[in-house]
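S.K.: Please find one structure pasted underneath; my questions will follow.
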Amino acid sequence: MPLPPSLGLRHGFIYEVAATTLGAPGPHAAPIGVATPDGVVLRAELYKGSTTLANILDNGVAGLNFLPEAALLHQALHHRDELRFETPAPQAGEPSPAVPFLTGADAWLELCRVRIEDAGRMVRLEASPGRFRAFGPVRLINRAEGLLLESLVLSTRLRLLPPEVVAAQLRENARVIAKVAPGSAQAAAMGDLLDVLGLSS
């Protein structure tokens, strides 16, 4: 089953979402980055020893929550006790969902047929999309936009801060933008910014 076109995921882009799983203490949520190479499967990297990974290994499924603002990702990381979960009622002919979802998300997507590959300190996850529900327009959170804005502000401080510190941060921002939004307008603008500042080498 392909990913829902209404989600609008661009191939190769990494989007920040909250993954929800079910464990022995109850529902769990944590921020993760997910990407699709082809519009058919989703990929993510998880740290070994994480609760999210342990719950996925136990249950074989997970939920992705597309959130309207990044502040909710902070909540999922540091204030989980403030989150509200719900399990949607199955539609006609569907089994009950095996994962909870976050109240207030723009959209929910169930991950199934999860495959795991060892990658040292991390594991690579690949999964197929299952049930999907959107509650209106879906905002996709990608780090490139914010990093480009911060880079533009930082570029105005070259005469105020140690140049080597600014240059190192700008190059790191460019690396991350190229990773999370390859071929994007933000990546092109960041490359041009480095050229303008003489930092592209």
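The values are calculated or read from the model by the stated rules, or taken from the named source; none is laboratory data. These numbers come from a predicted model, not from an experiment. Note: ideal-geometry Cβ built from the backbone for every residue, glycine included; neighbour counts use all protein chains shown. Just so you know, the surface numbers come from the protein's heavy atoms only, side chains and all, with ligands and any DNA or RNA stripped out. Shrake-Rupley method; radii C 1.70, N 1.55, O 1.52, S 1.80 Å.
S.K.: Anything in the stretch 4-21 that is open to solvent by 20 Å² or more (accessible area, probe 1.4 Å) and at pLDDT below 95? List them, or say none.
M.R.: Across the stretch 4-21, the qualifying residues are Pro4, Pro5, Ser6, Gly8.
S.K.: Here's a follow-up. Restricting to the stretch 146-168, name every residue that is over 14 Å from Ser200 (Cβ atoms) and under 22 Å from the mean Cα position of the chain (by Cα).
M.R.: Residues satisfying the conditions are Gly146, Leu147, Leu148, Leu149, Glu150.
S.K.: Right, something else. Please determine, by comparing only the residues of the stretch 43-59 that are assigned to a loop (DSSP other than H, G, I, E, B) and free of Cβ contacts under 8 Å to residues at least 40 places away in the same chain, which one is least open to solvent (accessible area, probe 1.4 Å).
M.R.: Once the filter is applied, the top-ranked residue is Ser50.
S.K.: Moving on to the next point. From the list Val34, Val40, which residue is of a type outside the set (Ser, Thr, Tyr) and either outside any strand (DSSP E or B) or surrounded by fewer than 17 Cβ atoms within 10 Å (Cβ to Cβ) (or both)?
M.R.: Answer to the selection: Val40.
S.K.: Under 8 Å by Cβ, and 6 or more places apart or on different chains, what pairs join a residue from the stretch 115-134 that is among the hydroxyl-bearing types (Ser, Thr, Tyr) with one that is open to solvent by 30 Å² or more (accessible area, probe 1.4 Å) and not in a strand (DSSP E or B)?
M.R.: Qualifying pairs under 8 Å: Ser128/Met1; Ser128/Val40.
S.K.: List the number of the failed condition for Leu72; all other conditions in (1) loosely packed, with under 15 Cβ neighbours inside 10 Å; (2) among the aliphatic types (A, V, I, L, M); (3) modelled with pLDDT under 95; (4) not in a loop (DSSP other than H, G, I, E, B) hold.
M.R.: For Leu72, the exception is condition (1).
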